[in-house]
1. Please go through the range 37-54 and pick out each residue that is among the hydrophobic types (A, V, I, L, M, F, W, C), within 20 Å of residue 112 (Cβ to Cβ), buried (at least 19 other Cβ atoms within 10 Å of the Cβ) and in contact (Cβ under 8 Å) with a residue 40 or more places away in the chain.
2. Out of the residues in the range 116-135 meeting the condition of being assigned to a loop (DSSP other than H, G, I, E, B) and charged (D, E, K, R), tell me which one is farthest from residue 21 (Cα to Cα).
3. Of the numbered conditions (1) farther than 23 Å from residue 145 by Cα; (2) modelled with pLDDT of 95 or more; (3) small (Gly, Ala, Ser), residue 39 satisfies every one except a single condition; which is it?
4. Among the residues of the range 67-85 satisfying the criterion of being surrounded by fewer than 16 Cβ atoms within 10 Å (Cβ to Cβ) and not small (Gly, Ala, Ser), which is nearest to residue 54 (Cα to Cα)?
5. Would you confirm whether any residue within the range 93-115 is within 21 Å of residue 20 (Cα to Cα), in a loop (DSSP other than H, G, I, E, B) and in contact (Cβ under 8 Å) with a residue 40 or more places away in the chain?
6. Filter the range 4-36 for residues that are out of contact with any helix residue (DSSP H, G or I) (no Cβ under 8 Å at 6 or more places or on another chain), without any contact (Cβ under 8 Å) to a residue 60 or more places away in the chain and of a type in the set (Val, Ile, Thr) and give the result.
7. Has the range 152-167 got any residue that is part of a helix (DSSP H, G or I), modelled with pLDDT of 95 or more and buried (at least 17 other Cβ atoms within 10 Å of the Cβ)?
8. Does the range 6-25 hold any residues that are surrounded by 18 or more Cβ atoms within 10 Å (Cβ to Cβ) and touching a His at 6+ places or on another chain (Cβ under 9 Å), and which are they?
Amino acid sequence: MGGGCHWCTEAVFQSLMGVAKVEQGWVASTDENDTFSEAVIVHFDTNSINLFELIQIHLYTHKSTSDHSMRSKYRSAVYYFDEAQKLQIAKYLDTLQLEFEKKLVTEILPFDRFKPSREQITNYYYNNPNKPFCETYIAPKLKLLLEKFGDKANIEKINPNKRLNSL
């Protein structure tokens, strides 16, 4: 999944029940999208959370309707690994478009390459919850996650006592 800053995207997906692992870094697709863009790879248990729910949460927690000037660095995308997944993602995005007034700019792109982030900046939010960036940009996304998708959120992880005030 690609959207905004990979620190934000990583924190959102790390905060969901059923997500086993989030790899933060840069993803490249093919053709005109062959440059690296900030993104994450989400490993999840389909018995706890499904791809539709992950995409829905993704669309709400980044600017999925804004075609801003930084889209080459922050590509709004759902990457697929095979043709069946591509068709499934297209169906999901068509259904989810009905929840948004503006047109979604989120692309469906083939996954080609991944370059992981340096270990020092992975798990960024949960290692640095009180840093200004985390309080300004990530905490509001986690608050939205709790409010809109509370049944999928790992509340014990998101809201321990040390973070209650910022959320």
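1. Within the range 37-54, 39, 42 meet the criteria.
2. Selected residue: 131.
3. Unmet for residue 39, out of (1) farther than 23 Å from residue 145 by Cα; (2) modelled with pLDDT of 95 or more; (3) small (Gly, Ala, Ser): (1).
4. Ranking the qualifying residues of the range 67-85, first place goes to 81.
5. Taking every residue of the range 93-115 in turn, at least one turns out to be within 21 Å of residue 20 (Cα to Cα), in a loop (DSSP other than H, G, I, E, B) and in contact (Cβ under 8 Å) with a residue 40 or more places away in the chain.
6. 35
7. No, the range 152-167 contains no residue that is part of a helix (DSSP H, G or I), modelled with pLDDT of 95 or more and buried (at least 17 other Cβ atoms within 10 Å of the Cβ).
8. Residues satisfying the conditions are 8, 9, 12, 13, 19, 22, 24, 25.
The values are calculated or read from the model by the stated rules, or taken from the named source; none is laboratory data. For clarity, every value in this text was computed on a predicted model and none was experimentally measured. Note that we place each Cβ from the backbone using ideal geometry, even for glycine, and neighbour counts take in every protein chain shown.
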